[in-house]
Amino acid sequence: MKIVNVCILQSDGTNCDNELFYAFKKFGGSPQFVHVNELRDKSKSLKNFDILALPGGFSYGDDVASGKIWAIELISFLRKEIEDFRKKEGLIIGICNGFQVLVRTGLLPFGNLGKMDATLATNDSGHFECRWVDLKVEKSKCIFLQGDYNIGHFAVNHGEGKFLCNIETLKKVETQKLVVFRYVDENGKPTQKYPKNPNGSLNATAGATDPTGRVLGLMPHPEKFVDVTQYPNWRREKIAKPHGSFIFENMIKFVRKTK
């Protein structure tokens, strides 16, 4: 069986890296913790990995804006490393703070490294949201999530999760089918209403991909629901399969099929 090497990138302040490591490991990946400084001093390289995963947390204390400093670091010191990784068609996933970083580097939504086309702004509620929400998976360009998936429960833990951009950019995102996940109401319909939409994201956008379909970012945490018992109502709802697992399963399967 082909080994799928996963780089769990760390920086000062990341705190969901262990959960992300566990999720990839559970579904057959070979994850490894790599601190951003190890890429900067070239003691480790992305060329040895198939998947780059940016975890959640509060990188560099989320000073200035969530994920901003880490994004600047990646653009300033690791641009070629990232560009080479994209050229070899590696997969990238960023969750919560990792999504904020991908948007601020410009990798999402259009793959314009070094140019921000959107942002993740302060939640409309004005406070940190830490609870469960429901997501719908859209038919998108994300090449490793092409199946039919039900609406699922996902944990959110963020204060700046509102996907925000101008009208022209939003139209382009929708036209190119770059929205992968949307927040939905009790009827399974995309919603702008709080609390089902925890942050006020435009068009209920909870996650997005780039035009190549190889970069995925989302605010909710799929890695926090890869064991049935991680969901508080697992007995009552009789959940057969953890709702976050399909993302990691499909990434591993896709790499094995194409490697």
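Please verify whether HIS221 is in contact (Cβ under 8 Å) with a residue 40 or more places away in the chain and more than 16 Å from VAL137 (Cβ to Cβ), treating the condition exactly as stated.
Against the criterion (in contact (Cβ under 8 Å) with a residue 40 or more places away in the chain and more than 16 Å from VAL137 (Cβ to Cβ)), HIS221 does not qualify.
Which one of VAL6, VAL103, VAL34 is over 27 Å from PHE163 (Cβ atoms) and under 18 Å from the mean Cα position of the chain (by Cα)?
Matching residue, one of VAL6, VAL103, VAL34: VAL34.
For residues that are more than 20 Å from TRP70 (Cα to Cα) and in a strand (DSSP E or B), tally how many sit in segment 1-19.
Matching residues across segment 1-19 total 1.
Can you confirm whether segment 139-159 contains a residue that is farther than 30 Å from LYS241 by Cβ, crowded, with 19+ Cβ neighbours inside 10 Å and not hydrophobic (A, V, I, L, M, F, W, C)?
no
Could you grab the pairs with beta carbons closer than 9 Å, sequence gap of 6+ or different chains, first residue in segment 194-212 and at pLDDT below 95, second one surrounded by 19 or more Cβ atoms within 10 Å (Cβ to Cβ) and among the basic types (Lys, Arg)?
Correct list of pairs: empty, since none qualify.
Take ASP185 and tell me if it is of a type outside the set (Val, Ile, Thr) and touching a residue at least 60 places away in the same chain (Cβ under 8 Å).
no
Within segment 218-227, can one find any residue that is charged (D, E, K, R), touching a helix residue (DSSP H, G or I) at 6+ places or on another chain (Cβ under 7 Å), modelled with pLDDT of 95 or more and not in a strand (DSSP E or B)?
There is at least one residue in segment 218-227 that is charged (D, E, K, R), touching a helix residue (DSSP H, G or I) at 6+ places or on another chain (Cβ under 7 Å), modelled with pLDDT of 95 or more and not in a strand (DSSP E or B).
Kindly evaluate VAL156 against the criterion of being of a type outside the set (Ser, Thr, Tyr), in contact with a Leu (Cβ under 7 Å, 6 or more places away or on another chain) and touching a residue at least 12 places away in the same chain (Cβ under 8 Å).
No, not satisfied.
Considering segment 164-206 alone, what residues qualify as being among the aliphatic types (A, V, I, L, M), surrounded by 14 or more Cβ atoms within 10 Å (Cβ to Cβ), over 16 Å from the mean Cα position of the chain (by Cα) and in a helix (DSSP H, G or I)?
Matches in segment 164-206: LEU170, VAL173, LEU202.
If a residue has to be out of contact with any strand residue (DSSP E or B) (no Cβ under 8 Å at 6 or more places or on another chain) and acidic (Asp, Glu) to count, how many in segment 152-184 make the cut?
Going through segment 152-184 one residue at a time, the tally reaches 2.
Just a yes or no: is a residue in segment 127-136 in contact (Cβ under 8 Å) with a residue 24 or more places away in the chain and buried (at least 22 other Cβ atoms within 10 Å of the Cβ)?
So far as segment 127-136 goes, yes, one or more of its residues are in contact (Cβ under 8 Å) with a residue 24 or more places away in the chain and buried (at least 22 other Cβ atoms within 10 Å of the Cβ).
The values are calculated or read from the model by the stated rules, or taken from the named source; none is laboratory data. This is a predicted model, so every value here is computed, not measured. Neighbour counts run over all protein chains shown; Cβ positions are idealised from the backbone, glycine included.
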